[in-house]
Amino acid sequence: NFQSSNGGTALMYAAQQGHERLVELLIRRADVNLQNSNGSTALMLAALQGHERVVDLLIQCGAEINKQSSEGPTALMLAAQEGHERVIELLLQRGAEINMQNSGGGTALMRAASQGHAAIVLRLLRAGADAGRSASGKTALQWAEEKGNAECVRTLEEHTSTTAEAEG
């Protein structure tokens, strides 16, 4: 588990670059949950880059799916922010906590909405993501509006009105 000056390991670099075979070799001798100086794990780095097969391999080998970095994002939040649908699907299937909040109160849904990933916003809502106000004081709808992501705004508004009708 040799770590570079920023706390990175060979496993983290291989995961970030999507080198599946190298990850397979390194994973046997590495702590899959080791964090670098930013608190990121190999799983977070692979999810951020959209490396679905590497994410799957890391989870199979014991990577903590809901582990948070020092700023609080999880692998799911990072995949949602970057629009990696297949990684999000895999993480949800494997038990990722959909409504976890980072240190600022943000969620995977808020990250997807602020980046304009409407298909992911819809997928997260259908999986049970809470569209309400977080600890940060903003809703996913407010994030989408603030960033000018009209399709996300429509998706969130439709979901909100459908949910209100179902509850009323």
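None of the figures in this text is laboratory data; all of them are computed from the coordinates on show. Predicted, not measured: the structure shown is a model, and the values here were computed from it. Quick reminder, even Gly has a Cβ in these numbers, built from the backbone with ideal geometry, and neighbours come from all protein chains shown.
Below are the figures for this structure:
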| read-out | value |
| --- | --- |
| Within the chain, longest stretch clear of exposed trypsin sites (Lys or Arg not before Pro) (DSSP loop, no more than 10 other Cβ within 10 Å) | 30-168 |
| FRET efficiency estimate (nearest 0.05) - Cβ-Cβ, LEU25 to GLU157, R0 35 angstrom | 0.15 |
| Local electrostatic count at GLN93 - Lys and Arg +1, Asp and Glu -1, tallied over other residues with Cβ under 15 Å | 0 |
| Convex hull of Cα atoms in the chain, direction-averaged projection (nm²) | 9.4 nm² |
| Estimated dipole of segment 87-149 in Debye, rounded to 20 [Cβ of Lys and Arg +1, of Asp and Glu -1, Cα centre] | 40 debye |
| Ratio Rg/Rh, restricted to segment 91-160 and using Cα atoms, in which Rh is the Kirkwood radius | 0.94 |
| Sum of side-chain charges, LEU34 neighbourhood, beta-carbon under 13 Å (Lys, Arg +1; Asp, Glu -1) | 0 |
| Sites matching GluC sites (Glu not before Pro) across segment 39-102 that sit in DSSP coil, with at most 15 neighbouring C-beta atoms within 10 Å | GLU64, GLU71, GLU97 |
| Dipole of the chain [Lys/Arg +1, Asp/Glu -1 at C-beta], most positive-end residue of ALA144, ALA42, ALA129 | ALA42 |
